[in-house]
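Report on the following structure.
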Amino acid sequence: LGTGPLKGRHVVVTSGPTHEPIDPVRYIANRSSGAQGAAIAAALAALGADVTFVSGPATVPPPEGVRVVQVETAREMLAAVEAALPADAAVFAAAVADWRVANAAERKMKKDGSGKAPALDFAENPDILATVSKMETGRPELVIGFAAETDDVVANATAKRARKGCDWIVANDVSAGTGIMGGAENAVTVITAEGSESWPRMGKDEVARWLAARIAKALVE
Ligand code: C5P
């Protein structure tokens, strides 16, 4: 620990799903395990980086050797990321809920015997990646987002890079039959200002090591 090409560099990594409350005992969530984010944080720490790992309620435990900040909602995740800055790089691997329940109840919702189901109203969550990418002061030198696509991976990810304002997009094809969603392997295409680069299909840990090495190269050169 504390040696390697990223020694003295601070990297913020988001990971896992977010939970958006419906009432004190219920929430809306997604199936992200946090595996890819945890692997990236571990790989960055292995290269000597000082890593702040901002994680939603993931099923995979956080790696050793990183500063862990546990959050639940998208808004808490944004606040934790902002509190963790400044950073040299930020990697947004979390599967943030696009919407939260706008009319979350303060007390547990109960059946009232009328047979009528309650209605949930949704409000859009902040986009953490876009918010940090567009910071006018204190923006990390390198901001990296992810994109899960099912078709036209390069075209969609290139458009997403422009829309979000980030430096790189790590895109993967999660269409049925690839076995990537929830699997141990990943096949990614990295979109930068220079174009796109397809990496061979490999384990998520290995994708993390490639990405960490790429980040070290970009920051140190
Ligand atoms: O827009 P989309 O969800 O496809 O973008 C994915 C990328 O944006 C991921 O890097 C994800 O972590 C990030 N994101 C975010 N905040 C949101 C939604 C997505 O940081 N509210």
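The values are calculated or read from the model by the stated rules, or taken from the named source; none is laboratory data. Every value quoted in this text rests on a predicted model; they were computed, and no experiment measured them. When we count neighbours, we look across all protein chains shown, and the Cβ atoms used for this are built from the backbone with ideal geometry, even at glycine. Remember, those area values only see protein heavy atoms, side chains included, never the ligands or the DNA or RNA. Shrake-Rupley method; radii C 1.70, N 1.55, O 1.52, S 1.80 Å.
Only strands (runs of 3 or more DSSP E) whose full extent lies in the stretch 164-219 are considered here, and the ones with at least 3 residues that are open to solvent by less than 50 Å² (accessible area, probe 1.4 Å) and within 16 Å of the ligand (Cβ to nearest atom) are 168-173, 188-192. Please state which one of Leu44, Leu6 is farther than 30 Å from Met109 by Cβ, touching a Gly at 6+ places or on another chain (Cβ under 7 Å) and surrounded by 20 or more Cβ atoms within 10 Å (Cβ to Cβ). After ruling out the rest, the residue left standing is Leu6.
The numbered conditions (1) under 28 Å from Gly183 (Cβ atoms); (2) over 13 Å from the mean Cα position of the chain (by Cα) are all true for Pro57 except (2). Inspect the stretch 53-73 for any residue being among the charged types (D, E, K, R), crowded, with 16+ Cβ neighbours inside 10 Å and not in a strand (DSSP E or B) and give the result as yes or no. Within the stretch 53-73, one or more residues are among the charged types (D, E, K, R), crowded, with 16+ Cβ neighbours inside 10 Å and not in a strand (DSSP E or B). In summary, Val153 fulfils each of the numbered conditions (1) within 14 Å of the ligand (Cβ to nearest atom); (2) open to solvent by 50 Å² or more (accessible area, probe 1.4 Å); (3) more than 16 Å from the chain's Cα centre (by Cα) with the single exception of condition (2).
Annotation note: of Ala79, Ala130, the sole residue that is within 16 Å of the ligand (Cβ to nearest atom), free of Cβ contacts under 8 Å to residues at least 40 places away in the same chain and touching a helix residue (DSSP H, G or I) at 6+ places or on another chain (Cβ under 6 Å) is Ala130.
Would you check if Arg161 is surrounded by fewer than 20 Cβ atoms within 10 Å (Cβ to Cβ), on the phi < 0 side of the Ramachandran plot and basic (Lys, Arg)?
no
Residues that are open to solvent by 80 Å² or more (accessible area, probe 1.4 Å) and within 16 Å of the ligand (Cβ to nearest atom) within the stretch 93-125 comprise Asp98, Trp99, Phe122, Glu124, listed in sequence order. The set of residues in the stretch 19-44 being touching a Pro at 6+ places or on another chain (Cβ under 8 Å) and under 15 Å from Ala90 (Cβ atoms) consists of Ala41 alone.
Against the definition (in contact with a Cys (Cβ under 8 Å, 6 or more places away or on another chain) and either charged (D, E, K, R) or not in a loop (DSSP other than H, G, I, E, B) (or both)), how does Leu78 come out, yes or no? No, not satisfied.
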